[in-house]
1. Is it true that some residue in region 235-244 is of a type outside the set (Ser, Thr, Tyr), in a strand (DSSP E or B) and either under 25 Å from Asn24 (Cβ atoms) or under 14 Å from the mean Cα position of the chain (by Cα) (or both)?
2. Can you tell me which residue in region 110-133 is surrounded by the most Cβ atoms within 10 Å (Cβ to Cβ), limited to those that are over 29 Å from Leu71 (Cβ atoms) and touching a residue at least 40 places away in the same chain (Cβ under 8 Å)?
3. Can you work out which of the residues in region 187-229 that are assigned to a helix (DSSP H, G or I) and of a type in the set (Lys, Arg) is surrounded by the most Cβ atoms within 10 Å (Cβ to Cβ)?
4. Could you grab me the full set of residues in region 66-78 that are in contact (Cβ under 8 Å) with a residue 40 or more places away in the chain and touching a Lys or Arg at 6+ places or on another chain (Cβ under 9 Å)?
5. Would you check which residues across region 37-84 are more than 13 Å from the ligand (Cβ to nearest atom), over 14 Å from Ala11 (Cα atoms) and under 18 Å from the mean Cα position of the chain (by Cα) and list them?
6. Which members of region 155-174 meet the condition of being touching a helix residue (DSSP H, G or I) at 6+ places or on another chain (Cβ under 7 Å) and within 24 Å of Gly49 (Cα to Cα)?
7. Looking only at helices (runs of 4 or more DSSP H) that fall completely inside region 42-147, which ones have 2 or more residues that are modelled with pLDDT under 95 and closer than 20 Å to Ile206 by Cβ?
8. Consider region 207-249. How many of its residues are in contact with a Pro (Cβ under 9 Å, 6 or more places away or on another chain) and within 16 Å of the ligand (Cβ to nearest atom)?
Amino acid sequence: MNDSASTAVPALDFRDVVKEFGDNRVLDELDFSIARGETVSLIGPSGSGKTTVLRMAMQLESVTSGSLKILGEELPTEAEGKLKPGVASRPDLARRCGMVFQQYNLFPHMNVLANLTLSPQSVLKMSRDEAVEASRRYLALVGLSDKEDAYPRQLSGGQQQRIAIARALVMRPEILLLDEITSALDPELVGEVLDVVKNLASETDITILTVTHEMRFARDVSDRVAMFSGGKVVEFADPSIIFEAPTHPRTRSFLNSVL
Ligand code: ADP
């Protein structure tokens, strides 16, 4: 975390945030904030609402009620009735966030460099030269400078996921949302992807929010860890507390079941 993070406007600020899908309340009065530059892991059982939090931050889901501020600016809620399904209500803020999914979704018919340079040119209006330069910088950061001419099918799953991370970074997000990015990988490929994220967390000021089942990674990379259960955050603390001296029984039982 950088020195100014504790005093600056939070990256994400959830106040009494509720999310309902029909009658199903999947997030129940979330109340926490994440400072700029922080790395936070969301852990907890399947179905507890972790991915929905990332999707709300990315404006892929709307807020039913409560207040969600992204980089100091409030998103409209469903209660205000102005939202179009599937359309970001604040595209300017959505652009300041980047998301990487379990499935890497690279364009199969484009080589790596074309995959990376597409959005910076079309969305950020970079010149081709600028987009290529930025793409090469992030390819180097994920350790794949030698793959710019390769097509996705020629790469391992771990390499494709590292390219997907570079593709998100080239859009210069201030907040990076990582949704179970190693879940589709063979176990031997998980480490190389997590190393890239560890490097990002320690070397950059980017705010990282990650949903992960890799508990050792969560312990190593996170400034704080949020334990979800039944749509609530039951414990939000330093990794040393969560993993060595959890105070909530749900944290203890969850960790006993996965470690
Ligand atoms: P987690 O990431 O912790 O596994 P999710 O955020 O994916 O949990 O899901 C939380 C709950 O919300 C689950 O019960 C899931 O079925 C429900 N849910 C998620 N997305 C939708 C949706 N688009 N429509 C209806 N229910 C959904």
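The values are calculated or read from the model by the stated rules, or taken from the named source; none is laboratory data. On a predicted model such as this, the values are computed, not experimentally measured, just so you know. Backbone-built Cβ (ideal geometry, glycine too); neighbour counts: all protein chains shown.
1. Our first condition is that a residue be of a type outside the set (Ser, Thr, Tyr); within region 235-244, this holds for 235-239, 241-244.
Checking the rest, the ones that are also in a strand (DSSP E or B) come to 235-237.
Then keep just the ones that are either under 25 Å from Asn24 (Cβ atoms) or under 14 Å from the mean Cα position of the chain (by Cα) (or both); that gives 235-236.
Scanning region 235-244, I find at least one residue that is of a type outside the set (Ser, Thr, Tyr), in a strand (DSSP E or B) and either under 25 Å from Asn24 (Cβ atoms) or under 14 Å from the mean Cα position of the chain (by Cα) (or both), so the answer is yes.
2. Val112
3. Let us first name the residues in region 187-229 that are assigned to a helix (DSSP H, G or I), namely 187-203, 215-221.
If we keep only those that are of a type in the set (Lys, Arg) too, we end up with 198, 216, 219.
Working: Lys198: 15, Arg216: 11, Arg219: 17.
Looking at the filtered set, the residue picked out is Arg219.
4. Taking region 66-78 first, the residues in contact (Cβ under 8 Å) with a residue 40 or more places away in the chain are 66-72.
Within region 66-78, Gly66, Ser67, Leu68, Lys69, Ile70, Leu71 qualify.
5. First pass over region 37-84, keeping only residues more than 13 Å from the ligand (Cβ to nearest atom): 37-40, 59, 63, 65-84.
Those left that are additionally over 14 Å from Ala11 (Cα atoms): 59, 63, 65-66, 76-84.
Those that are more than 13 Å from the ligand (Cβ to nearest atom), over 14 Å from Ala11 (Cα atoms) and under 18 Å from the mean Cα position of the chain (by Cα): Gln59, Val63.
6. Looking only at region 155-174, we keep the residues that are touching a helix residue (DSSP H, G or I) at 6+ places or on another chain (Cβ under 7 Å), and these are 155-163, 165-167, 169-171.
Scanning region 155-174 gives Gln161, Ile165.
7. Numbers: elements: 50-57, 91-94, 112-122, 128-141.
Helices (runs of 4 or more DSSP H) meeting the threshold: 91-94.
8. 8
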